[in-house]
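Worksheet for the structure shown next.
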Amino acid sequence: MKKFTFLVLGLVAGFMASAQMFVSTEPANRNVVIEEFTGRNCGYCPDGHLIANQICANNPDRVWAVNIHAGGYAPTSYPNFNTTDGNTIHGGFSISGYPTGVVNRSTSSGQSRSAWNGLTSQHLAQASELNVGGQVVIDPETREASITVEVYYTGNSTESTNYLTVYMLQDSIWGSQSGGSSNPSQWVGGQYCHMHILRDVIGESAWGDPITPTTAGTLITKEYTYAIPEMIGSPNGVEVDIENVHFLAFVCARTTNTPARNILSANMLEKSEGSNEPIYPVIKSVSQRAVAVCSQVKTFDFGLQNGGTENLTSIQYKVEVGNAVEEYEWNGVLEPRQKEDVSFDMEIPFGTHAGKLTIVKANGQDYPYEVNFTAVCDEWTETEPVDGATTTMKIYINQDQFGEQTTWDVVNSLGEVIAEGGPYAHLIASGSTQLHVETIEDVPTGADYLFNIYDSNDNGICCTYGEGWYKIKVNDVYILGQDQDNGGFGAHGSELIRINKGQDLIGENGLDGMKVYPNPANNTIFVEGENIKAVEIYNSLGQMVANVEGSVKTVVNVASFDNGVYFVKVVANDGAVKTQKVTIAR
């Protein structure tokens, strides 16, 4: 536990609207913290890590695991994860073996790993008296963390004083671990990737700081300023990598200092980068939108945050993917610490490519800032023309022994899930498999679809635990997976599919080879073809909303258009006309 400064502010409901920023005011059930007492010399502990990880994966944003290294199996050799706070918390519970854990601190003794799932389910089903929210803004130059935690009471607590705790956790620390191979997703080359390790407790006590009042309609806001150490642990300490630290806040009903008991609810605090500089735009990551679009024009999203002290009103940025370079601009008003989601479209060559987004100017001033990302354009599979407005898709999944790790879905071009399945049963016999045939009726033709298959243990459905595979049929014709050699997809595999309709959807004869894409569109519509005189766009009321002179590749900016259905009318030099319906969805 390190030195800090803090400010506490309690507000009743009448003042809540102007002060509350992060926490939900809607009644909700409890979130859950699983505190696992573990150690690097504990051979059975990786199985506990695996079980806790699976519970968290099954309940995203509702359950968090914390690994507390303490006790006889936690050595002080490198990497030394022992901390004073961890030892204090470990000493507050009766522990007879390892791994052991407490779920929302609901028991005075540690529970075996076989009990964690049932206890978690019980607490997730209980109504909570409060919600927790907040953010952490870290200055990467000074390593100062500005922490804001909000607790809003949707009901009355049974105790007049509750106790707020903020944990700093760290992921991705490599080191030794007895029995590490039993958790293969974290075991690489004889080294173990240690996750969600307790590194420090922010506050006056390992058992939390008192907060009051605890009655319905009260908002408690607590602010900390915390200097993130370069290293924690003595001897053989471990570097604190600010890229891999996270802050978990939770509220306990009561404490007698040994220990705080009964966690009422919890939440991971949103982490971002900030500075005392007046202009400091931040983009932490760029992600490609996972929608079904059989086009080389892909949509990318990023969160733009104002990490500075003055309003951010514009950025100019360029994006490089392979040899392609495009320039873009964002304009708006972002107050300090605010965020806004931004997107852009870019044509991507087939394959997987390294991309780079560079901010060139911010508020009109030169501002170099780079973010690397990955751009992917997979080739897609097209069906033979299918007659009729709808057809049937069949998904064949030959699961491996661990069917409980396998799920799948099919997503349309709007990002909507039209079908999903799994998980499946665990098979007793080692290396056994079982075939499942999933039928999806009334799939619209003339559209694009993305099939996703997931394995929660990151090792696909082959080969150590059974030769699993998948196939896909459309209109009773195999279009994917005939060779049955596609089970080794790791954590996630996908297939992009276009179901062609048997009749021409575009319109009159002429303009052979013309393409209109993407569909759905985001900010830009492209029209490719020879002899194009003009491109006109009409809304659903028949009103023309755009008219652009044609070229071999005509670009129409639709960033200002509302979401909905539009009609793209392409006029050729010889007077031929074709019309295609395009959806704009963001």
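The values are calculated or read from the model by the stated rules, or taken from the named source; none is laboratory data. Note that this is a predicted model, so its numbers are computed, not measured. Methodologically, a virtual Cβ is constructed for each residue, glycine included, from the backbone with ideal geometry; neighbour enumeration extends over all protein chains shown. Please note that ligands, DNA and RNA were not included when accessible areas were found on the heavy atoms of the full protein model with its side chains. Shrake-Rupley method; radii C 1.70, N 1.55, O 1.52, S 1.80 Å.
Just one of the listed residues (152, 192, 163) is of a type in the set (Phe, Trp, Tyr), open to solvent by 10 Å² or more (accessible area, probe 1.4 Å) and either touching a helix residue (DSSP H, G or I) at 6+ places or on another chain (Cβ under 8 Å) or farther than 30 Å from residue 213 by Cβ (or both), and it is 152. Apart from one condition, residue 207 fits all of (1) touching a strand residue (DSSP E or B) at 6+ places or on another chain (Cβ under 6 Å); (2) modelled with pLDDT under 95; (3) open to solvent by 10 Å² or more (accessible area, probe 1.4 Å); (4) not basic (Lys, Arg); the exception is (3). The set of residues in the stretch 212-243 being hydroxyl-bearing (Ser, Thr, Tyr), within 31 Å of the chain's Cα centre (by Cα), surrounded by fewer than 19 Cβ atoms within 10 Å (Cβ to Cβ) and part of a loop (DSSP other than H, G, I, E, B) is empty.
Whenever a residue of the stretch 170-182 is more than 15 Å from residue 232 (Cα to Cα), its partners that are of a type in the set (D, E, K, R), lying with C-beta atoms within less than 6 angstrom and at least six residues away or across chains, give the pairs 176/40; 177/40; 182/47. Residue count for the stretch 333-345 satisfying the condition of being over 20 Å from the mean Cα position of the chain (by Cα) and open to solvent by 30 Å² or more (accessible area, probe 1.4 Å): 4. Of all residues in the stretch 40-57, none satisfies being in a strand (DSSP E or B) and surrounded by 20 or more Cβ atoms within 10 Å (Cβ to Cβ). For the residues 534, 559, the requirement of being under 22 Å from residue 298 (Cα atoms) and not aromatic (Phe, Trp, Tyr) singles out 559.
With respect to residue 96, is the statement that it is surrounded by 20 or more Cβ atoms within 10 Å (Cβ to Cβ) and part of a loop (DSSP other than H, G, I, E, B) true? The answer is no for residue 96. Taking the criterion of being closer than 20 Å to residue 447 by Cβ and part of a strand (DSSP E or B), the residues of the stretch 547-569 that qualify are 564, 565, 566, 567, 568.
Taking the stretch 290-343 and the strands (runs of 3 or more DSSP E) fully enclosed by it, the elements with 2 or more residues that are hydrophobic (A, V, I, L, M, F, W, C) and more than 29 Å from residue 274 (Cβ to Cβ) are at 324-334. One residue stands out in the stretch 416-454 among those that are farther than 30 Å from residue 580 by Cβ and in contact (Cβ under 8 Å) with a residue 40 or more places away in the chain: the one that is surrounded by the most Cβ atoms within 10 Å (Cβ to Cβ), namely 453.
For the residues 570, 577, 558, the requirement of being open to solvent by less than 90 Å² (accessible area, probe 1.4 Å), modelled with pLDDT of 90 or more and either closer than 15 Å to residue 516 by Cβ or not aromatic (Phe, Trp, Tyr) (or both) singles out 558. Can you work out which of the residues in the stretch 519-535 that are open to solvent by 10 Å² or more (accessible area, probe 1.4 Å) and over 16 Å from residue 579 (Cα atoms) is modelled with the highest pLDDT? Per the stated criteria, the residue is 524.
Only residues that are among the β-branched types (Val, Ile, Thr), open to solvent by 20 Å² or more (accessible area, probe 1.4 Å) and part of a strand (DSSP E or B) were counted in the stretch 118-149, giving 1.
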